[in-house]
1. Can you classify the stretch 40-94 as rounded, prolate or oblate using the Cα gyration tensor, where a ≥ b ≥ c are the square roots of its eigenvalues, rounded means a/c under 1.5, and otherwise it's prolate if a/b beats b/c and oblate if not?
2. I want to check the label-to-label distance for V110 and Q31. Put each point 7 Å from Cα in the C-beta direction and report it in nm to one decimal.
3. Only residues of the stretch 79-99 count here: report those whose backbone N is under 18 Å from the spot 7 Å along Cα→Cβ of Y144, or say none.
4. A 27 angstrom limit on the alpha carbon distance is what I want to check against. Which of K61/K157; K19/K157; K80/K137; K80/K157 exceed it?
5. Between A88, L74, P24, whose Cα lies farthest towards the positive end of the dipole of the stretch 9-124 when Lys and Arg beta carbons carry +1 and Asp and Glu beta carbons carry -1, centred on the Cα centre?
6. With every protein chain kept in the model, how would you rank W143, W53 by accessible area, 1.4 Å probe, largest at the top?
7. What is the spin-label model distance, in nm, from L74 to W87 if the labels are put 7 Å beyond Cα along the C-beta direction?
Amino acid sequence: MEHTDIKGNSKSPIEEENKYYILPNLSNNYQINDSKSVNLTYNRGITRPGYEWLNQQELYKNPYSKHIGGGLLLPTIYNKVTASSTWANGFTLTGIYSHQSNRYSFFPFVAANNIINYSAINIENFYYLYYSASYQKYLNRVWYFASDVSGYYSNVKSKDYGINNSGYTQQ
């Protein structure tokens, strides 16, 4: 469990926040037999933007790009489920599903002066699926063989954002 109590001064309007977050981490590993096991985990967590993300001053990364932080970024809450199965012969299957709400990201746009501006915004919902099949085996004392096939799918559901001279604004 996490308790957040925020009070502060800022150039941008800031609201006082007093929230409780329940952040469980559950895991279950089951040994089916001597050669096979399955594992299921659930994680819920929170990540907060760092200084670079929140600082509303223009931060030049080089002469051609700058970051503009978002002083009102929300923390990202994530839920993640992982399932895996391992065999004694070195074969492993893994699947992951994750949902992140209020994920923050920098989005680029080119200003009239040809400088790339990266503005920090929250994305409403970000989902992804990941799967992997791998095989590992020692061939002898010197040689080791490893092979992996994996796939990834992501989906972003977000508000529509327009662009003005100072960055992204909600329409």
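The values are calculated or read from the model by the stated rules, or taken from the named source; none is laboratory data. From a predicted model like this one, the values you see are computed outputs, not experimental measurements. Counting neighbours? That spans all protein chains shown, and the Cβs are built from the backbone with ideal geometry, glycine included. Side chains are part of the model used for accessible areas, which takes the heavy atoms of the whole protein and leaves out ligands, DNA and RNA. Shrake-Rupley method; radii C 1.70, N 1.55, O 1.52, S 1.80 Å.
1. Oblate, since a/c reaches 1.5 and b/c is not below a/b.
2. Placing both labels 7 Å beyond Cα along the Cβ direction yields 6.1 nm.
3. Taking a point 7 Å out along Cα→Cβ of Y144, the residues of the stretch 79-99 whose backbone N falls under 18 Å are 87-92.
4. Values: K61/K157 29 Å; K19/K157 25 Å; K80/K137 29 Å; K80/K157 17 Å.
The pairs that break the limit, which is 27 Å between Cα atoms, are K61/K157; K80/K137.
5. The Cα lying farthest towards the positive end belongs to A88.
6. Details: W143 165, W53 60 Å².
Output order, biggest surface exposure first: W143, W53.
7. 4.5 nm
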